[in-house]
Structure formats: structure tokens, C-alpha cells
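Below you'll find the structure, written out as C-alpha cells, and then a few comments.
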């Protein structure tokens, strides 16, 4: 993994993006010091289970801070060693569940979270990780039960932010926002790690952006960056917002900074779309090539970016047969609403509109308020000549968030106008025939 990550880094450098400073230098240095401390303890006593547990915890935190999954692999080794020495360490088992979850090994994550609960039924965090794993495979009722149990055991940043995520999926965006605001307050009072608070602030900004509320989104993205400087998620969120504001040079700079810290395929795709929007096709092509390269590397490792790659191919009308295969593989693996969405979108792009309708209806089943879902539904129904449904969903996409994508928002508006004109024309023709 390290070698492949360096190759991606080299490509980023070739593209002229350079490398920015690590997020929150002080916080990162503190984590590095903790890793070194536990390693030193283990050189003195290789059978110190608590030191292995502490090392695993610090490695997980490092993985979250810089987005390098290799630290999760190292954390797995440390935590397994801790459990070999002290098999009833519920914390180590819970952390191991989180490692599996972070690598998208959701079945293993759920299994290990349940083992941790068996060891210590009072540990709310184990219920949280169990809920996360269940949520990712579309078992929403079971995930809700796990989150509610977590909330009973602890009122924390982690329990409130998880409930917020579920509420957002269920269309309760107002409830989600309230929970996230409370999560931030609770997290600050409890002096939770800066990265955890920044993540919650970024998520709150993302919730506001999803509703088209740019001023509120900007506030929380900037707050996230203040809490945890150079936080790659907040940089990318702010880049998307600047694109919506048509401040394209700023958007480009922010995406470049985010990619320089962590080359994620959706960041590269979004930067490419900004370049395409302003007519810089050569630079857009470079970013799209980077998307494919990152995606290919992920396939060699696991399935971390299958979904992102399937969306990218479908959005840009390339490799559509391969894209559908990726999407169907993702559905076999996860079966959450976005797995159905990516399959529906790819079926539509492959000319299989009837099958696409079945998939998109499942994607919409929770009532999620997501302009992209509504846009996909509108285009699928448009291709089926279901004009009323197409108009409904395209209008919902634009009313939910008229800035949801620099290109597709315009496509949705144009398709909606076309549908409205055709309906008006049909009405005029009907009146003429009746006369």
C-alpha cells in the first residue's frame, strides 16, 4: 500500500499540485509522539497488551488524521497482538471492529463489534461501530437500534453524530442539523480530539450545502478548518462551495490542496468538473486520468473506491459496461440506498431504463433529501417518457439544492424546461383539436 500511495503522490506532483502541509501539525505531532511512546514500551516488554492496545488506538487516530489506510493495517496488527495476550480486552476488540469498518469490511466489522459487546455490554462505542457497519449494508432498522442503545449508554459527540447521519438518510435534515450542533457542543465540552470535532463541523457544513444553504455551509467548513487546520474533508467541502459561488479559481486551489493531502477519486473528479465547466479541457482530462489511476490502485488493494469509480464512469459516459459491472458488484457487497442509486444510474446510462427505475425507487425508499438522487430519478423517468414523474424529481433536485453539481444542475434545469415546454405544447395541441 505504501508504494502505491507514493505512486499516486508522484502523479499529483506531476500534475503540478505539489504537497501541502500535513493537517494540524501540532495534533499530528502529538499522535506521532504517542505512537513512538507505545513502540518504546513494547521494546521493553513485548507482551504488554495495554501498550499494543494504546498503539492500535494511536495508529487509528493517525489514519483518520491523514487518510492513509496503511495505518489501519498497522493498527490491526497491534490490536490482534493485544488480544492474543489479553483475549478479553473489549476495547481492543472494538477498535479492531473499527479497523474493519474503515476498510469497508462491514461483515467482519459487525462480527467484531458484537464480540466486543459480549465482552462489555456497557460500552456504547461498540454499539456505535455495530450500527455503522449495519448502516453501510442497508440494515437501517438494526442500525437504528444499535445507535439508540449507544445513546442510552453515552450522550457524546459520537452518539449524537451517528443519530444525525441516520436522520439525514431518513429525510429529517432539520433533526440531523440539531443533533450535529449538539454533538459539536458536547464534544468541545468533553475535550474530544480536534479531528473528531472537525469531522462533525465538516458534516454539518455538508448538511447545509446539501440544502443549498451556502452561507451556513461556509461557516461550518471554515470552523472545521479552524479546529483542525488543513483538514482535507473541509478543504474539499469548501472547494465545492466556492464552485457553487462561481469562485472557480478559489475552488481549484482548495481542491488541489485537498488532493495534495489525500488523493481521493471524488476530489479529483470534482476538480476535473470545475476545469470542464470553465473550458479548461486539458486540465480536466488530467484530473479524470488521476481518478482512474487512484481507482485502479484501490482495486488492487480492496474495494474502497468501486462506488466512486462507478459514479465517475457513468457521470462522464465512459467505460459504461465496466462501470455497470462495478456498480452491480457494489450492490452485491453493500445494498444501502446509494448502492441502488449507483446501479440505477449505470443501468440508465447503459440504456436499461426499466431496470434503472426499479433500482432508483429502492434508492429513494428512505425519503433521503439528496438532490443527486432526485436528479438521477428525474433523468431515468425522463428516458421512460414518464413526464410527470420526471418533472417532479427534477424540480425536487433543483429546489433541494440548485448548486448540487457545477454541470448536472444545469442539465437538470434544461431537462425540466424541455419537459415543461412539451407539456404546454401538448396542452395547446389538445385545445386546438378540441376546438
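The values are calculated or read from the model by the stated rules, or taken from the named source; none is laboratory data. Since the structure is predicted, the reported quantities are computational estimates derived from the model, not experimental observations. Neighbour counts run over all protein chains shown; Cβ positions are idealised from the backbone, glycine included.
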Selected residue [surrounded by fewer than 19 Cβ atoms within 10 Å (Cβ to Cβ), part of a helix (DSSP H, G or I) and either within 20 Å of the chain's Cα centre (by Cα) or in contact (Cβ under 8 Å) with a residue 24 or more places away in the chain (or both)] from 341, 332: 332
The stretch 27-36, residues that are loosely packed, with under 14 Cβ neighbours inside 10 Å and either in contact with a helix residue (DSSP H, G or I) (Cβ under 9 Å, 6 or more places away or on another chain) or at pLDDT 90 or above (or both): 33, 36
Options 74, 103; residue that is under 28 Å from residue 235 (Cβ atoms), surrounded by fewer than 24 Cβ atoms within 10 Å (Cβ to Cβ), free of Cβ contacts under 8 Å to residues at least 24 places away in the same chain and in contact with a helix residue (DSSP H, G or I) (Cβ under 9 Å, 6 or more places away or on another chain): 74
Helices (runs of 4 or more DSSP H) wholly inside the stretch 262-323 that include at least 1 residues being free of Cβ contacts under 8 Å to residues at least 12 places away in the same chain and surrounded by fewer than 22 Cβ atoms within 10 Å (Cβ to Cβ): 281-301
Answer residue from the stretch 358-413, given it is touching a residue at least 60 places away in the same chain (Cβ under 8 Å) and outside any loop (DSSP other than H, G, I, E, B) and is farthest from residue 341 (Cα to Cα) among those: 400
Residue satisfying all of: in the stretch 344-357; in a loop (DSSP other than H, G, I, E, B) and either touching a residue at least 60 places away in the same chain (Cβ under 8 Å) or out of contact with any helix residue (DSSP H, G or I) (no Cβ under 7 Å at 6 or more places or on another chain) (or both); surrounded by the fewest Cβ atoms within 10 Å (Cβ to Cβ) among these: 351
Conditions (1) modelled with pLDDT of 95 or more; (2) crowded, with 24+ Cβ neighbours inside 10 Å; (3) over 22 Å from residue 132 (Cα atoms): number failed by residue 326: (1)
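Okay, residues lined up against (1) surrounded by fewer than 18 Cβ atoms within 10 Å (Cβ to Cβ); (2) under 27 Å from residue 191 (Cα atoms):
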residue	(1), (2)
110	no, no
116	no, yes
126	no, yes
149	no, yes
158	no, yes
167	no, yes
170	yes, no
173	no, yes
Test: residue 50 is modelled with pLDDT of 95 or more, over 26 Å from residue 334 (Cα atoms) and surrounded by fewer than 21 Cβ atoms within 10 Å (Cβ to Cβ): yes
